[in-house]
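Asker: Take this structure, written in structure tokens, and hold onto it; I'll ask about it next.
The values are calculated or read from the model by the stated rules, or taken from the named source; none is laboratory data. Note that the coordinates shown come from a computational prediction; the quantities given were computed from them, not determined experimentally. All Cβ positions, even for glycine, are placed from backbone atoms using ideal geometry, and neighbour counts span all protein chains on display. Only protein heavy atoms, including side chains, enter the accessible area calculation; ligands, DNA and RNA are left aside. Shrake-Rupley method; radii C 1.70, N 1.55, O 1.52, S 1.80 Å.
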Amino acid sequence: MFACRLPWWRSSATCKLRQSGHFLPWDGCQMLTIKGINTTVGQEQQAGMQEKQILEDLEMPLARREMETLFQEQPETGNQYLEDTLLRSYLKTHLPSKVLEEVHQDLERFGNRLLTKIQPLSWECELNPPVFRQYDAWGRRVDHIHTCSAWRRMKEISAEEGLIAEAYERRYSNWSRLYQAVKLYLFSSSSGGFSCPLAMTDGAAKVIESLGIPGSLKNAFDHLTSRDPEKFWTSGQWMTERRGGSDVANGTETVARKQPDGTYCLYGFKWFTSAADSDVTLTLARIADAEGQCTQGSRGLSLFFLRVRDEEGKLNSIQVQRLKDKLGTRQMATAELWLQGSRAELISAEGRGVAAISNMLNITRIHNVIGAVASMRRMISLSRDYACKRVAFGKLLKDHPLHMQTIARMEVQVRGAFLLLMEIVRLLGLAETNLASEQDQLLLRLLIPVAKLYTGKQASAVAVEAMESFGGQGYMEDTGLPVILRDTLVLSIWEGTTNILSLDVLRSLAKSQGQVMAVFLSTVQKKLELASGTEELSPALQRTREAIGSLRKFMAVAGSEQALTMELAARDFSYSLARIYTGRAKPGIPEPWNGSALLMEHAARPDASSTDVCAALRWCNQELCPVAVESGRGSYGGRAELQDSALVFGNSRL
């Protein structure tokens, strides 16, 4: 055996040559082996010539070698609006014809702008994250957060496109909110993370509007909803403090001290402030009395509005401690801030801060759903295009049945999530134009946390699954695919984790004294009746009716049990509501969806496609009411609680 060891600087190129079939095989990337060489003079000369030829070929430029290309064609998407057949069919079905005509033209234009102008800016935002400079060259503290030009351009584009203004101008009455959501949905995956400050800006505008736009806040509202890039403001949402988490009632330490002019000075530490470069913010604090004492719990919290900087650009008695080093959304500045006498305006009734800010939380949770659906759609669109370009085992990926089955299962996920999103913003539009019934408002209150918790989990699962469809390329940073995954993972955490929102669902049931569940069940029943005339949907209808029956039985049993039962069942119960109202996919993705009301309603349209029917049927092939199944297995009793603790801690010293 004769061996030739290659130098390290050639190893990369020779590894690639191995796949061309032009050279003899070698062991690894640095060891070339020629087998079967005898010791006769002629054969030794022949082997020497072979070795010489190989080494000469290695010196040859890549462009001159006879070899198959090893480069893979990049997946691409076109105009996102024109390519989204589900979106277009939904708008055609629901929007009035005159509204549809105007909206269609604008969305087609916006889709082209996203493709040609905005998407490149998104990548610039990822490559140039914010930088914090605490001191200048002369040792003066400046606390300057520098953002890239692409990030600042995103702010201008958001104003130009009316991504906040559209919802408050109400040009299309109750359809304005839905139209805004559609534009945000298209913008989200190309926004370079700017969707987050837009969510909080929308939430702040909603809070101010819900307060009747008092005179002192009229200027702020006009800036937050402006289409003029020179006037447009973004808002933060400063709630999380050192104790962290969603328990703001017990975790908020910031104190507000009233001043002679009626304003307040805030003192405290905000541990997690997203979009720290925003112009204004809403924040919670406890008002101190004359003796300096504060009321504890949620009853002691009030809501304040403050400008982050003054007219000269100086921080409002705010010190930036540091920027957060996050897993994802690295394009956006998230900081730890000290409030050291920051001037603020009390905008809620004293002690009613949590109630006042709830409107903001509802809006930001809806934006969370928009981001979840958009990220799923983006990943599947890229996977679909890649399947038409990538050849493996002698044929395109699209010609491999198993590969297409995997993408199809994800597609059903997105369809269900999209229809749930559209249902929520449709109801919100009715509520904002005083067209919503009491039943509509109860349903909206229930569906917002259900949709947020469920789509957040599903977006993460779809992103992980979709990355596999690109093979090793899905793991490469410069493809941009890991960015989508990292940014998606936050969606089940921000604005309330899955468990926190599951408990919020239970609170909505208790607060309405059961009315919200009655509305939920009657609404589902009406949607099923609309689909009952479509024969192909009969199996799905039957399974959904059975699921509703199981849910009713669980509710009857749980009503007589201890509170522990419902707390342990909260997550499965919320999943059941999502699956029955919207749908669920086949196995293969963690906690997948199964089909139901919204998908069947869409599939029962006169101009519905066979694909619409197929999606509805597939959603119904799995368990629609997991809470009833787990209840039957004894998963929610006191014994189960003890077993859970034993499984988690075992013999641990904890």
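Asker: Gap in Å between the Cα centre of region 315-333 and the Cα centre of region 138-178?
Answerer: Result: 18 Å between the Cα centres.
Asker: Let me ask something else. How many percent of the accessible area of region 235-355 is carbon or sulfur, using a 1.4 Å probe?
Answerer: Carbon and sulfur atoms account for 45 percent of the accessible area of region 235-355.
Asker: Give the relative contact order (percent, whole number) for the chain; include only Cα pairs under 8 Å separated by 6+ residues.
Answerer: Once normalised by length, the contact order is 10 percent.
Asker: Could you give the length gained by full extension between R227 and E536, i.e. 0.36 nm per residue of separation minus their alpha carbon distance, to one decimal place?
Answerer: Value of the extension gain: 106.5 nm.
Asker: Near the amide H of V142, under 5 Å away, which other amide H atoms are found, from residues 5 or more places off or on another chain, if H is placed in the peptide plane?
Answerer: Y135, D136
Asker: Something else: So who's got an amide H within less than 5 Å of the one on S342, skipping anything under 5 residues away but keeping other chains? H placed 1.01 Å off N, in plane.
Answerer: Those lying under 5 Å, H to H, from S342 are L266.
Asker: If you don't mind, another one. At E291 and V391, where each label point lies 7 Å from the Cα along Cα→Cβ, what is the point-to-point distance in nanometres?
Answerer: Roughly 8.4 nm, to one decimal.
Asker: Any idea how far the Cα center of region 420-455 sits from the one of region 601-654, in Å?
Answerer: Region 420-455 and region 601-654 have Cα centres spaced 23 Å from each other.
Asker: Continuing with the same structure: Might you work out the accessible area of Y135 for me, using a 1.4 Å probe with all protein chains in place, and round it to the nearest 10 Å²?
Answerer: 110
Asker: Run the simple label-point estimate for R352 and N219 please: 7 Å along Cα→C-beta, distance reported in nm.
Answerer: 2.5
Asker: Per residue, what accessible area does region 80-225 have, given a 1.4 Å probe and all protein chains present, in Å²?
Answerer: Per-residue value: 41 Å².
Asker: I would also like to ask the following. Using a Debye calculation, one point per C-alpha and no hydration shell, please list log10 I(q)/I(0) for region 235-355 at q = 0.12 Å⁻¹ in order.
Answerer: Evaluating at q = 0.12 Å⁻¹ gives log10 I(q)/I(0) of -0.40.
Asker: Across region 344-458, how large is the tail of the calculated P(r) beyond 26 Å, expressed as a percent of all Cα pairs?
Answerer: 41
Asker: To the nearest 0.05, what FRET efficiency results for S522 and H146 with a Förster distance of 51 Å applied to their C-beta separation?
Answerer: E(calc), rounded to 0.05, equals 0.40.
Asker: Relative to the longest principal Cα axis of the chain, at what angle does helix 195-210 sit, 0 to 90 degrees, rounded to 10?
Answerer: Approximately 10 degrees, to the nearest ten.
Asker: Using θ = phi - 60° and the Karplus relation 6.51 cos²θ - 1.76 cosθ + 1.60, list the HN-Hα couplings for region 457-470 in order, rounded to whole Hz, with x at every Gly or Pro.
Answerer: 5, 6, 4, 4, 5, 5, 4, 5, 5, 5, 4, 5, 5, 9
Asker: Taking θ = phi - 60°, what integer Hz values does the Karplus form 6.51 cos²θ - 1.76 cosθ + 1.60 yield along region 603-609, in sequence order, with x for Gly and Pro?
Answerer: These are the phi-based 3J(HN,Hα) values: 6, 8, 4, x, 9, 5, 8 Hz.
Asker: Over region 80-225, how many pairs of lysines fall under 25 Å by alpha carbon, counting only those 8 or more apart in sequence or from different chains?
Answerer: Lysine pairs meeting both conditions in region 80-225 amount to 9.
Asker: Expressed in nm to one decimal, what extension gain is obtained for the pair K398 and E124 from 0.36 nm per residue of sequence separation less their Cα-Cα distance?
Answerer: Result: 95.5 nm gained on full extension.
Asker: Oh, and also: What number, in nm² with one decimal, is the all-direction average of the projected area of the convex hull of the alpha-carbon atoms of region 80-225?
Answerer: If you wrap the Cα atoms of region 80-225 in a convex hull and average its projections, you get 10.9 nm².
Asker: With the crude spin-label approximation of a point 7 Å out along Cα→Cβ, what separation in nm comes out for K553 versus Q259?
Answerer: Taking the simple label geometry, K553 and Q259 are separated by 6.4 nm.
Asker: Of the chain, which part is the longest with no GluC sites (Glu not before Pro) in a loop (DSSP not H, G, I, E, B) and with at most 10 other C-beta atoms within 10 angstrom?
Answerer: The segment 313-654 is the longest one with no such site.
Asker: Hey, another quick one. In nm², what is the average projected area of the convex hull enclosing the Cα atoms of the chain?
Answerer: Here the figure is 39.3 nm², rounded to one decimal.
Asker: What's the FRET efficiency of Y475 with Q405 using the Cβ-Cβ distance as r and R₀ = 30 Å, to the nearest 0.05?
Answerer: FRET efficiency, Y475 to Q405: 0.85.
Asker: Another question, if that's okay. Once the Cα atoms of region 514-638 are picked out, what are the Rg and Dmax in Å?
Answerer: 14.9, 51
Asker: Another question, if that's okay. With a probe of 1.4 Å, find how much accessible area region 406-529 has per residue, and write the answer as a whole number in Å².
Answerer: That works out to 36 Å² for each residue.
Asker: Taking only Cα atoms, what is the 0 to 90° angle, nearest 10, from helix 563-581's long axis to the longest principal axis of the chain?
Answerer: Tilt of helix 563-581: around 70 degrees.
Asker: Which of the aspartates and glutamates could a cross-linker span from K527 if the Cα-Cα distance has to be under 19 Å and same-chain partners fewer than 8 positions apart are dropped?
Answerer: E423, E438, D440, E535, E536, E546, E601, D607, D612
Asker: Could you pull the accessible area for R365 with a 1.4 Å probe, rounded to 10 Å²?
Answerer: Accessible surface of R365 is approximately 30 Å².
Asker: Give the distance, in whole Å, between the Cα centre of region 557-572 and the Cα centre of region 338-398.
Answerer: Rounded to whole Å, the Cα centres lie 30 Å apart.
Asker: If I take all pairs of Cα atoms in region 141-218, what percentage of them are more than 17 Å from each other?
Answerer: The calculated P(r) of region 141-218 puts 53 percent of pairs beyond 17 Å.
Asker: From the phi angles alone, apply the Karplus equation (6.51, -1.76, 1.60; θ = phi - 60°) to region 400-408 and give each ³J(HN,Hα) in whole Hz, x where the residue is Gly or Pro.
Answerer: 9, x, 5, 5, 5, 4, 4, 5, 4
Asker: With r defined as the distance between the Cβ atoms of R605 and L327 and R0 fixed at 45 Å, what FRET efficiency is calculated, to the nearest 0.05?
Answerer: Efficiency, rounded to the nearest 0.05: 0.65.
Asker: Roll a 1.4 Å probe over the protein chains and send me the accessible area per residue for region 235-355 in Å².
Answerer: Counting only protein heavy atoms, the per-residue value for region 235-355 is 45 Å².
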